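Step one of this worksheet: look at the structure below.
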Amino acid sequence: MAKHEEGRAEVGISEKKPTDSNNFKMSGGAKIPFNIIDTALSSLKNSQSFINSGMDIATKTALDLVESFNDEEDINSMEKVMLEFAAMDRSLNNYIRAFEETVNQVKREKPEIIPDLENLVQEKLTTIENKNSDSDLKSNEKYVYFMDQLKEMKKQFRQISDNDDETIEQIDEDIAVTRSQMNFICPITQMEMRRPVRNKVCGHTYEEEAIVEIIQSRKQRKKKVRCPKMGCSHDDVKRSDLVPDEALKRVIDSQNK
């Protein structure tokens, strides 16, 4: 009986409890709570949606200003706002990247002593930020979209200044001619677009519902989608390449008023 109990004791000593894959145990018995770190990173990534919302609001505000024939200075101020948002977006992405790379490095190397994660992240962040440049901000996807939409709006709704020699009637006539030359017809439905989206790759516009339906249908058959605009050679239209053409939508809505 004693031997049996002793055997059970020996087995009990040799048994290992399953470890939490989200916690890395060091030689001294301490653990790095990677699950908590992952939760914190997830919260950081979620906060990016607030930056995106701010940039969307700034874009719509700028388009409103153009449509209402406001001063160029007011419109330019929205570009500065967009650059500030782009800077915030870059800082957040840099921090997330630094944290993720540091955590992955620790998991890979499995050090004997718990490292100072805060210090390691700061070192990694400094290295990343040293590569920053002003061009980074202007290549931000939402900033590029903002500038593109602003340019399109200005083509349609010309700005009136105190020093402009043209009369309001002449300007209205120019706008009317420009609008009449624009193609508001979807190449798929052959009807006037209500929710136009533009392909970032080839620049052509389509009715959102129509092009999405084609993409989904072709995807089920594992086939690519050729741009439905006659003469376009782009043969791989993706849903991720489609962006709302707010400027065109406003012009269409304005014409129909």
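The values are calculated or read from the model by the stated rules, or taken from the named source; none is laboratory data. Keep in mind that what you see is a predicted model, and the values were worked out from it rather than measured. Note: ideal-geometry Cβ built from the backbone for every residue, glycine included; neighbour counts use all protein chains shown.
Assessment of the range 93-104 against the conditions (under 30 Å from L248 (Cβ atoms), surrounded by fewer than 13 Cβ atoms within 10 Å (Cβ to Cβ) and not small (G, A, S)) yields no matching residue. As for the range 167-185, it holds at least one residue that is modelled with pLDDT under 90, exposed (fewer than 11 other Cβ atoms within 10 Å of the Cβ), in a loop (DSSP other than H, G, I, E, B) and not charged (D, E, K, R). Within the range 204-257, the set of residues being without any contact (Cβ under 8 Å) to a residue 12 or more places away in the chain and of a type in the set (D, E) comprises E213, D235, D253.
Where residues in the range 105-126 are in contact (Cβ under 8 Å) with a residue 40 or more places away in the chain and surrounded by fewer than 17 Cβ atoms within 10 Å (Cβ to Cβ), which of them is farthest from I51 (Cα to Cα)?
First pass over the range 105-126, keeping only residues in contact (Cβ under 8 Å) with a residue 40 or more places away in the chain: 106-107, 110-114, 117.
After this cut, where a residue has to be surrounded by fewer than 17 Cβ atoms within 10 Å (Cβ to Cβ) as well, the list is 107, 110-114, 117.
Values: K107: 31, K110: 35, P111: 37, E112: 39, I113: 38, I114: 34, L117: 27 Å.
Within the range 105-126, the match that is farthest from I51 (Cα to Cα) is E112.
Output yes when any residue across the range 34-45 is more than 30 Å from S135 (Cα to Cα), modelled with pLDDT of 65 or more and touching a strand residue (DSSP E or B) at 6+ places or on another chain (Cβ under 7 Å), and no when none is. Yes - at least one qualifying residue is present in the range 34-45. Pairing each residue of the range 127-140 that is surrounded by 10 or more Cβ atoms within 10 Å (Cβ to Cβ) with any residue that is polar (S, T, N, Q), provided the two are 6+ apart or on different chains, yields C-beta distances under 8 Å for I128/N94; E129/N94; N132/N94.
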